[in-house]
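Participant: Have a look at this one.
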Amino acid sequence: MRRRSILYIANFLVPIMFFFCLDLASFLISDSGGEKLSFKVTVLLAVTVMQLLLNEILPSSSDRIPLIAVYCIGMFGLMMLSLLETILVMYLMEKDAASQDNEAEMKKWTHCACVCDVSADEPPSELLSLAREGNSSQLTDESNALEKVSDELREMEKTLVLILNSRKEDGKPGYWTRVTKTINKVFFIFYVTVASLFLVVIFSKWNHASDE
């Protein structure tokens, strides 16, 4: 008597392969949100359900681990590594976002301090009071000085706003963001390579066992 392998292939091996393809497709999802993490967890839970079904299908009196169970455990391990990599990448991106927020706060406080220092040197209210109390020549000089100070303040404010906007729009990504991109590329190549070798070994053993 021989078992019909087509039932295991259609009911178990092919669905696991579909879940693996979905896990590969999840690398196209952006790491900025939590959609990628939740998607990978869902796929991992689906594979866990398939493992529970496998325990009911396989006989419990086997002396060694069946090849189909090794296949399931290997795919589950690869998907778990993918999930851990996603968690690491999201942690590094959150760290980079926090550092960028701190830099933005420092720039904001520096901008406010510069404006306050310049305006404190010659307050407009004091200049107006002195101009009203003085003679006409002093009034003209003080009014001209007031206009120059106000023009300088406006130019400085416009310059600082343009600098901040240009840095926000044309600025390079943070250090940890660049690191996460490198990690994603390296891990994707590693993930595909290991999965391909694992599948080749499993199916070669499967064919060898079926020939015997």
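Participant: What number of residues within the range 61-76 are over 18 Å from residue 48 (Cβ atoms) and either part of a helix (DSSP H, G or I) or open to solvent by less than 20 Å² (accessible area, probe 1.4 Å) (or both)?
Facilitator: Residues flagged as over 18 Å from residue 48 (Cβ atoms) and either part of a helix (DSSP H, G or I) or open to solvent by less than 20 Å² (accessible area, probe 1.4 Å) (or both) within the range 61-76 amount to 1.
Participant: Continuing with this model, one more query. Please work out which one of (1) within 18 Å of residue 191 (Cα to Cα); (2) in contact with a Lys or Arg (Cβ under 7 Å, 6 or more places away or on another chain) is the condition residue 18 fails and give its number.
Facilitator: Answer for residue 18: the failing condition is (2).
Participant: Being in contact (Cβ under 8 Å) with a residue 60 or more places away in the chain, within 18 Å of residue 191 (Cβ to Cβ) and part of a helix (DSSP H, G or I) is the requirement here; does residue 79 meet it?
Facilitator: Against the criterion (in contact (Cβ under 8 Å) with a residue 60 or more places away in the chain, within 18 Å of residue 191 (Cβ to Cβ) and part of a helix (DSSP H, G or I)), residue 79 qualifies.
Participant: Within the range 26-37, how many residues are at pLDDT 85 or above and either part of a loop (DSSP other than H, G, I, E, B) or surrounded by 15 or more Cβ atoms within 10 Å (Cβ to Cβ) (or both)?
Facilitator: The total comes to 5.
Participant: Next up: Has the range 184-195 got at least one residue that is in contact with a helix residue (DSSP H, G or I) (Cβ under 6 Å, 6 or more places away or on another chain), open to solvent by 50 Å² or more (accessible area, probe 1.4 Å), of a type outside the set (Asp, Glu) and at pLDDT 70 or above?
Facilitator: Checked against the condition, which is being in contact with a helix residue (DSSP H, G or I) (Cβ under 6 Å, 6 or more places away or on another chain), open to solvent by 50 Å² or more (accessible area, probe 1.4 Å), of a type outside the set (Asp, Glu) and at pLDDT 70 or above, the range 184-195 yields at least one hit.
Participant: Could you list, in sequence order, all residues of the range 38-58 that are of a type in the set (A, V, I, L, M) and open to solvent by less than 50 Å² (accessible area, probe 1.4 Å)?
Facilitator: The initial filter retains those residues of the range 38-58 that are of a type in the set (A, V, I, L, M), namely 41, 43-47, 49-50, 52-54, 57-58.
Within the range 38-58, 43, 44, 46, 47, 50, 54, 58 qualify.
Participant: Taking only the range 51-76 into account, find how many residues are in contact (Cβ under 8 Å) with a residue 12 or more places away in the chain and either more than 17 Å from residue 199 (Cα to Cα) or of a type in the set (Asp, Glu) (or both).
Facilitator: Residues that pass the stated criteria total 4.
The values are calculated or read from the model by the stated rules, or taken from the named source; none is laboratory data. Predicted model, so just to flag it, every value in this text is computed and none were measured. Methodologically, a virtual Cβ is constructed for each residue, glycine included, from the backbone with ideal geometry; neighbour enumeration extends over all protein chains shown. These accessible areas exclude ligands, DNA and RNA; they are computed on the full protein's heavy atoms, side chains included. Shrake-Rupley method; radii C 1.70, N 1.55, O 1.52, S 1.80 Å.
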